[in-house]
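Working notes, beginning with the structure itself.
The values are calculated or read from the model by the stated rules, or taken from the named source; none is laboratory data. This structure is a prediction, so every number in the text was calculated from the model and none was measured. All Cβ positions, even for glycine, are placed from backbone atoms using ideal geometry, and neighbour counts span all protein chains on display.
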């Protein structure tokens, strides 16, 4: 930000200088500016030149010339003008800034250095001349000269001067250890720059991250550890990053809170378990810095994060702390109970969960109540008590409720009832995975073509209960009893379950049986699965052949575009992982 | 990934019921004698259509390129092989009978159109270092995507007569001034640059040259000789500008000290031999070794403070019957195309030789985008910019996936150049 402000400053000064003279197009400066805006650079240059004849140190005209001459291929004409400007006003820092910029951007480092020295003699010691020099060199992609400028500035102004600029430049030059060294000093002197340091170091290529880590470890200070912790979290190592931050918290409570919030901003929106646990632990640490209702609220958030991460033990521990806190308001107790309910469901305690849901009653919003009720219902269904499950969500006519009720009908083998409810739920859903599953089930029901098949329901319930091995056996046996379409679709489902279990042999056998040319949708899907298996086995030539046959045999299949893309990937025509 | 799962999981079942049986084949002719590959907006895969035509020629078929007819359509004999190939590639084809062919020919005869026989499979070479990534060169990418076979050649092959078997040679962002694209100072220390310098220096030494600039100049001269003997040259990005600079710099030191050990001759601009160059004249060289700009041939100066913004360029309209070559090179379904940067993005009008044909320019701008000309018995075509579908291309950018750009008009221009040497030579009048 500092660098941006520095860059903006000359521009703002220039704009002010110009605006004072460009209120009207009747003034020469107004005419020149208008010509420049209209792209009439030759005319603009001519008018700027006429101004400079009478006012050689006019900043507005000099900046105008600096803009238009390069566009006219007449950059060298700038230098005589700058000499005249300096002769007219050798003490103008504005003129000196333009002189330095022009020499730097044309690669004349010695001249730039000379005028920077002159600038520093007439102004109080500050970093602006060196920044101007370095920025102009960088604009011209002259990294070596930019470094020269910053080195000169540091020599003149002291061992920590221009740290931010040096850190950025060294990182750009690939000197990551040097960049880290500079950042640690900058952050130690001005902690608010920690954000900038982390943000820039985060961009280091994955292959070079170890260099940054090593450099931070070598630094070893608390500031270095804080930077390292945030970087690790940004790079996806949430647990390691959060652990490092908690071990390097500053003594000052406000600084400590600020650091924890920085960490929380990084990890809280990630959905992997490690990040959820890191979020929960960070929230708990934050709560320790808070008091009253704020602390209770943060603790509840921490408990919920633990529960979401599957860490019921820690979730219960924090909920107990909340329950014992006399300052916790009633609404928060409701939230605590709802969180506890989630923990009970995760632990498979259906009776207890149903009791807590009943106690919460109207204190919960309707949507939240229905969401928790569906979870409890699914818990009962998985235990085989589909009747109790259906009773709990009988009044739920939301999309998710209709979907689940349809699945429960299916579990008892009522395909007609299931089809009605699943169709009522429709093709759209907030949860995309859920809608994909629903479409698959409807396709299966349509293919089987019967109103009631209890054995299919039993197999799907087995699958929902997590016993995928038995589900494959049940589905495979069941397929034999169906007619072609139903058999093929059931085998396709069984194959996908087998694949998820890494049982490729069974999956391939089932897919082969599901590949019936007269059933194009199922056959195309089966071939796509086989092609994916061959790709995973590195049998790319086989995969390509399968994909080509899919395209040729089922040209109307919705899978053809994907098959073509996969084939293109295999023949090296498009990069892997595109789309 | 989720979209694919969605389709795979059965949504396609219902959608597919409404699709025709063979969606890429249009027309119901039962007595089809020919296949028309439309290249207007009816085409589903413009880029792969070129590959289809190319492979048909490889298989011994003869075809015709219908210039300006439905934006440069192809006419191929009806065969199972072409139908199968089209199905796999997703290229739209129309089955037509002899009467329809006659009607099309009549329309072509009466309009600014022409039907150019395609009968020879051009042998294609791409000039690229052995370690070049396939995704860093627009031509390699589009040849791969379209399924057109090519060979790679580099300095050792060029210097040992390796260009002789080829009809068509492509150059991309090679720096023929031997200055490593002038990144040697600004990207000093970058591993990719160090590898590039090591490879070039070792190759120069192996081939008996004192340094990289000397080797590259010799390579440029061999390439010019290839064109002179009748070869077709297509160049993009830096290769356009630096090839001519290398050719014009015979006996003049235009390379920075980091490349050849001696600083560039400060008077080099006044000593260049432009009569040896293919396309450009009177350019002023950029003197700063650290500025990744070679000369004032380029209008956009992408890597300098004077960078010019991108606009759009328009293709010129030529007479198909009088100028079939120029017409072939501009066949497209779009006439105005968004511009894209490269280390050399465009060519200033005032730096073009008088006999250079402008194929596309930006209206009102002092630069042009796409040029063509003859040299000896051969021709050259220069196209500014790096990647038509990655306008701001920067080192390290994600590779372009052409399956996301199957209708890319910019890439079509590249493929026009690949196919144009397949056209029967006696038809070429320009």
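Of the strands (runs of 3 or more DSSP E) entirely within segment B:321-430, those holding at least 2 residues that are touching a strand residue (DSSP E or B) at 6+ places or on another chain (Cβ under 8 Å) and closer than 23 Å to residue B:296 by Cβ occupy B:357-361, B:367-375, B:378-383. Taking the conditions exactly as written (closer than 28 Å to residue A:479 by Cα, surrounded by fewer than 22 Cβ atoms within 10 Å (Cβ to Cβ) and either within 14 Å of chain B (Cβ to nearest Cβ) or modelled with pLDDT under 95 (or both)), does residue A:365 satisfy them or not? So residue A:365 fails the test.
Of A:531, A:485, A:495, A:523, all but one fail to be within 13 Å of chain B (Cβ to nearest Cβ), crowded, with 24+ Cβ neighbours inside 10 Å and under 15 Å from residue A:443 (Cβ atoms); the exception is A:495. Before we move on, is residue B:51 at pLDDT 95 or above and either more than 13 Å from chain A (Cβ to nearest Cβ) or closer than 23 Å to residue B:108 by Cα (or both)? Taking the combined requirement at face value, the residue does not satisfy it.
Checking segment B:82-92 against the condition returns no match, with no residue being more than 28 Å from residue B:172 (Cβ to Cβ) and assigned to a strand (DSSP E or B). Which count do you get for residues in segment A:548-565 that are over 17 Å from residue A:514 (Cβ atoms), crowded, with 22+ Cβ neighbours inside 10 Å and more than 7 Å from every other protein chain (Cβ to nearest Cβ)? Matching residues across segment A:548-565 total 1. If the condition is being closer than 29 Å to residue B:419 by Cβ and either modelled with pLDDT under 95 or surrounded by fewer than 21 Cβ atoms within 10 Å (Cβ to Cβ) (or both), then segment B:200-230 contributes B:221, B:222, B:225, B:228, B:229, B:230. All of (1) assigned to a loop (DSSP other than H, G, I, E, B); (2) within 19 Å of the chain's Cα centre (by Cα) hold for residue A:233 with one exception: (1).
Checking the conditions here, which among A:181, A:171 is within 14 Å of chain B (Cβ to nearest Cβ) and either touching a residue at least 24 places away in the same chain (Cβ under 8 Å) or not in a helix (DSSP H, G or I) (or both)? None of the others qualify; the one that does is A:171.
Specify the residue that is nearest to residue B:381 (Cα to Cα); the eligible residues are those in segment B:280-292 that are at pLDDT 90 or above and buried (at least 20 other Cβ atoms within 10 Å of the Cβ).
The initial filter retains those residues of segment B:280-292 that are at pLDDT 90 or above, namely B:280-285.
This time we only want the ones that are buried (at least 20 other Cβ atoms within 10 Å of the Cβ), so: B:280, B:283, B:285.
On the way: B:280: 12, B:283: 19, B:285: 22 Å.
By that ranking, first place goes to B:280.
Only a single criterion out of (1) modelled with pLDDT of 95 or more; (2) surrounded by fewer than 21 Cβ atoms within 10 Å (Cβ to Cβ) is not satisfied by residue A:435, namely (1).
Residue A:384: outside any helix (DSSP H, G or I) and either in contact (Cβ under 8 Å) with a residue 12 or more places away in the chain or crowded, with 21+ Cβ neighbours inside 10 Å (or both), yes or no? Criteria met by residue A:384. The residue list A:160, A:120 contains one member that is over 25 Å from residue A:69 (Cβ atoms) and outside any helix (DSSP H, G or I), which is A:160. Checking every residue in segment A:355-373 against the condition of being closer than 30 Å to residue A:243 by Cβ, free of Cβ contacts under 8 Å to residues at least 40 places away in the same chain and in a helix (DSSP H, G or I) gives zero matches. In segment A:67-80, the qualifying residues are those that are out of contact with any helix residue (DSSP H, G or I) (no Cβ under 6 Å at 6 or more places or on another chain) and assigned to a helix (DSSP H, G or I), and the one that is modelled with the lowest pLDDT is A:70.
Matching residues to (1) free of Cβ contacts under 8 Å to residues at least 60 places away in the same chain; (2) buried (at least 22 other Cβ atoms within 10 Å of the Cβ); (3) not assigned by TED's automatic domain parsing to the domain that holds residue B:286:
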{"site": "B:334", "(1), (2), (3)": "no, no, no"}
{"site": "B:337", "(1), (2), (3)": "no, no, no"}
{"site": "B:342", "(1), (2), (3)": "no, yes, no"}
{"site": "B:353", "(1), (2), (3)": "no, no, no"}
{"site": "B:356", "(1), (2), (3)": "no, no, no"}
{"site": "B:364", "(1), (2), (3)": "yes, no, no"}
{"site": "B:367", "(1), (2), (3)": "no, yes, no"}
{"site": "B:374", "(1), (2), (3)": "yes, no, no"}
{"site": "B:381", "(1), (2), (3)": "no, yes, no"}
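Residue A:103 fulfils the conditions (1) away from every other protein chain (no Cβ under 14 Å); (2) under 15 Å from residue A:86 (Cα atoms) except for a single criterion, (1).
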